[in-house]
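Peer 1: One structure, as structure tokens, below. Some questions next.
The values are calculated or read from the model by the stated rules, or taken from the named source; none is laboratory data. Keep in mind that what you see is a predicted model, and the values were worked out from it rather than measured. Glycine also receives a Cβ, built like all others from the backbone with ideal geometry; neighbour counts cover every protein chain displayed.
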Amino acid sequence: MRNTIAAAGLALAASAAAEAQQGRFEFTSDTMIARDDPFAPDEALDAGPGGQPFGLATGFDSNNWARWVQPLSGRQVLRFEQQARVRSFFDRDGLDSVLLTPRIQYWNTTQDNTIQFRIHAAYSHLSRSGSTHWTRPEAEAQLRWRPRGDRTLETVGRLRLNAYDFRSAPLQGLSSTRVRAGLEQYWRAPDDAWEVRLSAFRESADADERRFSFDETRVGAGVSWRAGDRTTLGLAADYRMRDYRGAFSQALPVNREDRRLLAEARVERQISERASLFAAAGYLDNDSNIAARDYGGPAWRAGLRFRF
């Protein structure tokens, strides 16, 4: 009996392996010079690192993803990914960072291609000056509805949970648990000649100190289209309304409120089968009732994208 069960198990495993397709390796790299928000305004109360005011910063950014895509039986897929992102600011050495994120994803699609389910789990580790700055476990579930059975019309629902654990921030109480839920709507041409996107998200963060807890509403829109065989153009806008739940400080006993708008134009030019040049330019404005958090200015990036 034991031998019979073992033989049956081996037969099932062999059958599943036969149904599964050959896996493949993929690599994506975006390397650029960019001027944008360094995303560090919560780590001090009065000014940026070294006493510099908060604002946009210019620097080098290299974001790289290596992944193994393994089809399973039916329409199931596993994706094993590793991200390595290096950021170095020309005038903000204290913000230079290395981000490492392993991630695993599972996809499954109905036979008629109208519904796709995705889940992923990830663990991010960001370091500065060789020391851990924060870690972030994360999980997300997605449900994608394609009523026509293709990508021309797609509605995406997302639910994400993560937890930031700050290890070396100048302030105490930044660690937080965050929940984000939202919808994205896509319209695409049958030949992918153009795409229109609308999105809306709601995020809540519960931090160790109430002044760092917040509720945020985020809406976005974008359109992109092909301009010839090798060029893609685009326009995008992103608006965030973030309201904090506690007094900013003893000196400023008011709840912080931020309104952040980024609008930009984009262009990408394919220069070979696997490489393209890209650029974007626009304006970023962070309107806040706290003077030290009120900043804005031209934002841009330009770089090389490589896919293998």
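Peer 1: Here is a list of conditions, (1) within 23 Å of HIS120 (Cα to Cα); (2) at pLDDT 95 or above; (3) surrounded by 18 or more Cβ atoms within 10 Å (Cβ to Cβ), and LEU183 meets all of them except one; can you say which number that is?
Peer 2: Result: LEU183 fails condition (3) only.
Peer 1: Follow-up question, since we're still on this one. From the list ARG103, ARG79, ARG87, which residue is in contact with a helix residue (DSSP H, G or I) (Cβ under 9 Å, 6 or more places away or on another chain) and not β-branched (Val, Ile, Thr)?
Peer 2: ARG87
Peer 1: Which residue out of ALA57, ALA34 is crowded, with 17+ Cβ neighbours inside 10 Å, among the aliphatic types (A, V, I, L, M), modelled with pLDDT of 95 or more and more than 30 Å from GLN22 (Cβ to Cβ)?
Peer 2: ALA34
Peer 1: What about GLU203, is it among the acidic types (Asp, Glu) and within 24 Å of the chain's Cα centre (by Cα)?
Peer 2: Yes; evaluated as a whole, the condition is true for this residue.
Peer 1: Out of (1) closer than 30 Å to GLY246 by Cα; (2) surrounded by 15 or more Cβ atoms within 10 Å (Cβ to Cβ), the odd one out for SER168 is which?
Peer 2: (2)
Peer 1: Exactly one condition in (1) closer than 20 Å to VAL69 by Cα; (2) surrounded by 13 or more Cβ atoms within 10 Å (Cβ to Cβ) is false for GLN111; which is it?
Peer 2: Of everything listed in (1) closer than 20 Å to VAL69 by Cα; (2) surrounded by 13 or more Cβ atoms within 10 Å (Cβ to Cβ), GLN111 misses just condition (2).
Peer 1: Only one of these conditions is not met by ARG24: (1) among the charged types (D, E, K, R); (2) crowded, with 16+ Cβ neighbours inside 10 Å; (3) modelled with pLDDT of 75 or more. Which number is it?
Peer 2: (2) is the only condition that ARG24 fails.
Peer 1: Can we say ALA193 is of a type in the set (Gly, Ala, Ser) and surrounded by 14 or more Cβ atoms within 10 Å (Cβ to Cβ)?
Peer 2: no
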